[in-house]
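Reviewing the structure listed below.
The values are calculated or read from the model by the stated rules, or taken from the named source; none is laboratory data. These figures come from a predicted structure and were not determined experimentally. Note: ideal-geometry Cβ built from the backbone for every residue, glycine included; neighbour counts use all protein chains shown. In case anyone asks, the SASA skips ligands and DNA or RNA and just uses the protein heavy atoms, side chains included. Shrake-Rupley method; radii C 1.70, N 1.55, O 1.52, S 1.80 Å.
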Amino acid sequence: IMLVMVLYNTFIFLSVRDISYLYYVLYVGFALIYFTTDHGLSFELLWPDSPTWGNQGLEFFTALTGAFAMLFTQSFLQTKVHAPIMHRLLSLMIAISFLLARAAFWGDYTQVAIALSVMAVLFNLAAFFAGVRCFQKGYRPARFFLVAWSIYLFGISLYVMGLFAVLPVNLLTIHGIQIGSTLEVALLSLGLADRINRLRQDALTAKMEAFHALHDP
């Protein structure tokens with residue numbers, strides 16, 4: 001499903017040239033590679049003779065997934081306009097994420113993994129509060145973002161509760177993150193489509209108003 005989302009939105013990006021689609025494609029693409037690497041599929045199918053890269057790649061893809069998720073959040077929510085404080089915070093976290101992507105190759109594995117875990121928690125909180133702030137400002141796309149992110153966080157919660165035996169271990173708790181991520185990227189894709197349609201409608205309305213203002217006596 002995530003691969004379909006990548007291909008579908010890549011074609012849309014090539015058509016509309018909206019940077020949000022590019023960030024979305026990169027975010028989902030690296031998330032997909034992260035999941036396949038985390039489950040051992042990448043090692044089994046792509047680099048079976050490179051165990052070192054298997055470890056480094058997991059941290060590298062984690063960092064890039066986070067970085068492009070933050071870039072997408074900034075672009076989709078227009079945080080520079082609607083939530084400038086959160087925008088600056090996300091910009092700082094983006095820079096740190098790219099540094100951690102480099103550190104995956106020369107840094108201590110444990111320390112980089114801890115730093116990535118901390119960044120993941122901070123980003124999820126920052127993204128959620130940015131969505132809330134933009135929603136309070138009346139920004140329509142924030143509704144899609146908040147629903148999608150809430151489902152993703154719910155999936156993480158299921159996984160963590162299964163990990164600590166709060167909930168029984170089953171397919172839902174074992175794959176909570178993947179299920180939440182899949183639903184999230186599908187909803188974000190719908191949000192992008194709604195955002196593009198809204199921008200086109202606003203542009204058309206502005207042109208019509210300008211035309212009437214020019215020709216009306």
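Remarks
- Cross-chain or 6+ apart pairs with Cβ under 6 Å, the stretch 196-215 first and within 17 Å of ARG140 (Cβ to Cβ) and at pLDDT below 70, then surrounded by 10 or more Cβ atoms within 10 Å (Cβ to Cβ) and polar (S, T, N, Q): none
- Among the criteria (1) crowded, with 19+ Cβ neighbours inside 10 Å; (2) under 30 Å from ASP194 (Cβ atoms); (3) over 18 Å from the mean Cα position of the chain (by Cα); (4) at pLDDT 90 or above, the one ALA115 does not fulfil is (2).
- Options LEU192, LEU158; residue that is within 28 Å of PHE11 (Cα to Cα), open to solvent by less than 40 Å² (accessible area, probe 1.4 Å) and at pLDDT below 90: LEU192
- Residues of the stretch 133-149 satisfying the condition of being open to solvent by 50 Å² or more (accessible area, probe 1.4 Å) and either touching a strand residue (DSSP E or B) at 6+ places or on another chain (Cβ under 6 Å) or not hydrophobic (A, V, I, L, M, F, W, C) (or both): ARG133, GLN136, LYS137, GLY138, ARG140, ARG143
- Yes/no for ALA142 being in contact (Cβ under 8 Å) with a residue 24 or more places away in the chain, under 19 Å from LEU77 (Cβ atoms) and either in a helix (DSSP H, G or I) or not aliphatic (A, V, I, L, M) (or both): yes
- Each residue in the stretch 73-110 was checked for being modelled with pLDDT of 90 or more and farther than 10 Å from ALA63 by Cα, and 22 pass.
- Selected residue (only one of ALA126, ALA203 is under 21 Å from LEU71 (Cβ atoms) and open to solvent by less than 80 Å² (accessible area, probe 1.4 Å)): ALA126
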